[in-house]
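To start, the structure under review is shown below, and the notes come after it.
The values are calculated or read from the model by the stated rules, or taken from the named source; none is laboratory data. These numbers come from a predicted model, not from an experiment. Cβ placement follows ideal geometry from the backbone for every residue including glycine, while neighbour counts extend to all protein chains displayed. Ligands, DNA and RNA are excluded from the accessible area calculation, which covers all protein heavy atoms including side chains. Shrake-Rupley method; radii C 1.70, N 1.55, O 1.52, S 1.80 Å.
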Amino acid sequence: MEQYRNLVFSVCLRLTGDYFTAEDITQETFIAAYSNWDSFDGTSEKAWLCRIASNKCIDYKREAARRMIMTADDEMPEEATATDNEPLDTAVCNDLLSRLSDSCNKLSEPYKEAAVGYFIEGRTAKEISVRTGTELKTVQTRIYRAREMLKKLIRKEDLLG
Amino acid sequence: MNEERYDYLSDEELNSLIEDTENNAMFTAPPDLMADVLGRLNIKDSTADSDKSDMTVAEFKPDNVKEFRSFCIKVIAAVAAAVVIIAVAPIVSPKLIPDSATDYSMEYAARDADIPTKEEVLGVEDVIPSKEEVLTRNGITEGIRDSHIISDFYSKRS
């Protein structure tokens, strides 16, 4: 199953348009897959995983829409209904990742180092720990805090921009 | 309304999304993603196991054995002290332990002496006889419940 983690994450990223939401849903997808392995019919693991992931993304978008303060129906732009269900194209996803990269560089040290190493360079916490000579637990904590900071930063930028 | 806006993907849509993603838009997942998944699965498993049984097995440690031995010694000492107190206390101060059976009977005997008997209470001459006594005295023992006998009786009496 692990060979599909990049594919599942990419599908989630295209459907949600949010790096951290995609990460969460990818995790939930694999947890659901491991937990419900008995119900897998054995035909196509890739399609099965992507089905779980896409359904979870749609559920997330429905839930997010429910939480929004709804305006009157006649005030809603008609174009929105036509494009909401479409996955994002590659350019938009690349733009998301470049914004994530910019946000990582905006963080203060030592979170910047952890965030760049983890989110941009794709290093594991252990690799960062060995490279920087910092304790593994410390690196994990920095990554966790950097993630929370990035979530706030990116969502604030979305709200303003 | 939201359900209408966000439909689940059909098989064709999903397959085309997978194909397009594989060919054009593959991104790298966060490196520790699968480790986090396995960690969360382990937590789930351990919580599920703990739900199945409330019993927890204590880990064997040499310190636990020492603690258990000291606890046993304390319990034995407490039991021995209790036995000694029970054995020695009557000898040391017999007045502290009253002869409860004797005291109890004497107290009740004294109390009984003050209570008048039934005969003393009912020894008064002008006690009003009961209905049954009156009927028995007049030879009526059967059919007391017949209303005409009772009414005859009362008419005779009046």
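Results, tabulated for the structure shown:
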{"read-out": "Of A:Lys126/B:Lys66; A:Lys61/A:Lys126; A:Lys61/A:Lys156; A:Lys61/A:Lys137, those spanning more than 30 Å from alpha-carbon to alpha-carbon", "value": "A:Lys126/B:Lys66; A:Lys61/A:Lys126; A:Lys61/A:Lys137"}
{"read-out": "Linear extension gain, A:Val92 paired with A:Glu135, 0.36 nm per residue minus alpha-carbon span", "value": "11.8 nm"}
{"read-out": "A:Trp37 paired with B:Ala77, simple spin-label distance in nm, labels 7 Å along Cα-to-beta-carbon", "value": "5.5 nm"}
{"read-out": "Per-residue SASA entry for A:Arg131, accessible area with 1.4 Å probe, Å² rounded to 10", "value": "130 Å²"}
{"read-out": "Förster radius 45 Å - calculated FRET efficiency between A:Glu157 and B:Ile85 (Cβ-Cβ, nearest 0.05)", "value": "0.05"}
{"read-out": "Computed accessible area, A:Thr21, all protein chains, 1.4 angstrom probe, square angstrom", "value": "10 Å²"}
{"read-out": "Solvent-accessible area of A:Arg147 with every protein chain in place, 1.4 Å probe, in Å² to the nearest 10", "value": "40 Å²"}
{"read-out": "³J(HN,Hα), Karplus 6.51/-1.76/1.60, whole Hz, each residue of region A:23-31, x for Gly, Pro", "value": "4, 4, 5, 4, 4, 4, 4, 5, 5"}
{"read-out": "Solvent-accessible area buried by pairing B with A, both sides, nearest 100 square angstrom, 1.4 angstrom probe", "value": "4100 Å²"}
{"read-out": "Sequence-distant residues sharing a close amide H with B:Phe27 (under 5 Å, placed H)", "value": "A:Ser10"}
{"read-out": "For region A:88-138, convex hull volume per residue from C-alpha positions, Å³", "value": "72 Å³"}
